[in-house]
C-alpha cells in the first residue's frame, strides 16, 4: 500500500482571473511557507534562462528577522504571492448562502502537497526575502496572508514577478534580463527595454559577436570573465534605436515588421570594428580600460549612429566603418594618456551623464571633421 503524500490543508477563498486562472487567498504559518514553496532563483543553463528571483539579500532578510523577533506585537499584513502547481486540490464548502451575496468567490479548503526542496508544489513569485526571514524567525506561528495562482507556465510566473516588482527598488538589470523571456503585453516603460535586452543577450551568446561572454548579467555565476555591464549595452542600444538618427532605427518599424536580425548584424559589424581598432583596450576590466567601462560603451554607442548611418550609403560598409574608427583612434585614450580638449586622464572618465555627454560630443565632432573630404 502506497504512503499518502503529506499535505497542508487550509481554509481558502477561490476565484478566477485572466483566462480561467484559479486564484486562492489563504493564510499559512510563516514556518510552513518553506515546506510548500521553492524559491526559483535566476540562473542560466546552457544559455537558457532558468527561474526569475534575486539572489538572497542577507542584510534585508536579517532586518526582517530582527523585526519578527523584536518581542513586540508583530503585524504582517503584506501577502506572499505564490505560483501553485496543478497538484493543489480545492474542496468547496457546502451550506446556505447569505441573501444578497456577491458571487465573486467560493470558500472551501485548499490542500497543498508537502514535498522535498526542488520538487515543491509552489514557487515564490513575490516575497522571497520575507519568506526566508519567516523561516529563520523564532516565532514560527505567525499567520501570513498568501495569494496563489495555479500555473506551471514559468513565463506567467516571470510576468507576475516583473509587474509586481516594477514599482519596488528591484535591480533593473534583473528585470532587463527577464524581459526577453516574457511574451505578454508589457507597460510601455518595460516594453522599451525588451528588444535592447534581447539584443544584449545575443551579443553575449553568439559566436560571431565581439562581446561573446564579456557581458555581465545577473544570472552569471561567480568568477566569469565578463567585464562589461549589461546596463551599459542596453542603454547604448536604446539610443541606437531612437529615430531618426539612431543607427538601428531603420530596422525598427513597430511590432512584427521590425528586423532584429538586421539590428544584431549591424551591432556585430560596428563593435567588431571597434575591437579590431582598439585591441589593447578590448576585453580588459574597466579599471584597466575605459573602453570597457560603462562610459566607454555609452560613448562608442553614441558614435555608432553617425558612423553607421554614413556607412549605409557605402558599397563596402565594413571598410567604411573601420576607416572612420582608424581616423579617430589617435585621439582616443582608453588605457593611457590625456583626452585632448577635455583635459581628463584616461582613468578619470566616469559613467556620469556629464562625462558621457562631453566625451561623446568630442568624438562625434572629431569624427565629423575627419570625415570631411579634403579639398
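Rundown of residues vs (1) under 30 Å from the mean Cα position of the chain (by Cα); (2) crowded, with 19+ Cβ neighbours inside 10 Å, yes/no style:
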residue: 295; (1), (2): yes, yes
residue: 299; (1), (2): yes, yes
residue: 321; (1), (2): no, yes
residue: 332; (1), (2): no, yes
residue: 338; (1), (2): no, no
residue: 359; (1), (2): yes, yes
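The one condition from (1) modelled with pLDDT of 80 or more; (2) part of a loop (DSSP other than H, G, I, E, B); (3) under 31 Å from the mean Cα position of the chain (by Cα) that residue 55 does not meet is (1). Does the stretch 334-353 hold any residues that are in contact (Cβ under 8 Å) with a residue 24 or more places away in the chain and either within 14 Å of residue 274 (Cα to Cα) or in a helix (DSSP H, G or I) (or both), and which are they? The answer is 334, 346, 347. In the stretch 94-110 there is no residue that is under 28 Å from the mean Cα position of the chain (by Cα), modelled with pLDDT of 80 or more and outside any loop (DSSP other than H, G, I, E, B).
Table: residues versus (1) outside the structural domain of residue 66 (by TED's automatic domain parsing); (2) over 30 Å from residue 12 (Cα atoms); (3) modelled with pLDDT of 55 or more; (4) buried (at least 17 other Cβ atoms within 10 Å of the Cβ).
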{"position": "122", "(1), (2), (3), (4)": "no, no, yes, yes"}
{"position": "129", "(1), (2), (3), (4)": "no, no, yes, yes"}
{"position": "138", "(1), (2), (3), (4)": "no, no, yes, no"}
{"position": "157", "(1), (2), (3), (4)": "no, no, no, yes"}
{"position": "160", "(1), (2), (3), (4)": "no, no, yes, yes"}
{"position": "178", "(1), (2), (3), (4)": "yes, yes, no, yes"}
{"position": "192", "(1), (2), (3), (4)": "yes, yes, yes, no"}
{"position": "196", "(1), (2), (3), (4)": "yes, yes, yes, yes"}
{"position": "209", "(1), (2), (3), (4)": "yes, yes, yes, yes"}
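Take residue 285 and decide whether it is outside any helix (DSSP H, G or I) and within 32 Å of the chain's Cα centre (by Cα). The answer is yes for residue 285.
Residues considered: 249, 313. Of these, the only one that is surrounded by fewer than 16 Cβ atoms within 10 Å (Cβ to Cβ), free of Cβ contacts under 8 Å to residues at least 12 places away in the same chain and farther than 24 Å from residue 207 by Cβ is 313.
Between 325, 291, 267, the distinction of being outside any helix (DSSP H, G or I), buried (at least 17 other Cβ atoms within 10 Å of the Cβ) and out of contact with any strand residue (DSSP E or B) (no Cβ under 9 Å at 6 or more places or on another chain) belongs to 291 only. Selection within the stretch 99-119: residues that are surrounded by fewer than 21 Cβ atoms within 10 Å (Cβ to Cβ) and touching a helix residue (DSSP H, G or I) at 6+ places or on another chain (Cβ under 9 Å). The member of this set that is farthest from residue 28 (Cα to Cα) is 117. Scoring residue 37 on the criteria (1) in contact with a helix residue (DSSP H, G or I) (Cβ under 6 Å, 6 or more places away or on another chain); (2) surrounded by 18 or more Cβ atoms within 10 Å (Cβ to Cβ); (3) at pLDDT 75 or above leaves a single failure, condition (1).
The values are calculated or read from the model by the stated rules, or taken from the named source; none is laboratory data. This structure is a prediction, so every number in the text was calculated from the model and none was measured. Using ideal geometry, Cβ is built from the backbone for each residue, glycine included, and neighbour counts are taken over all protein chains shown.
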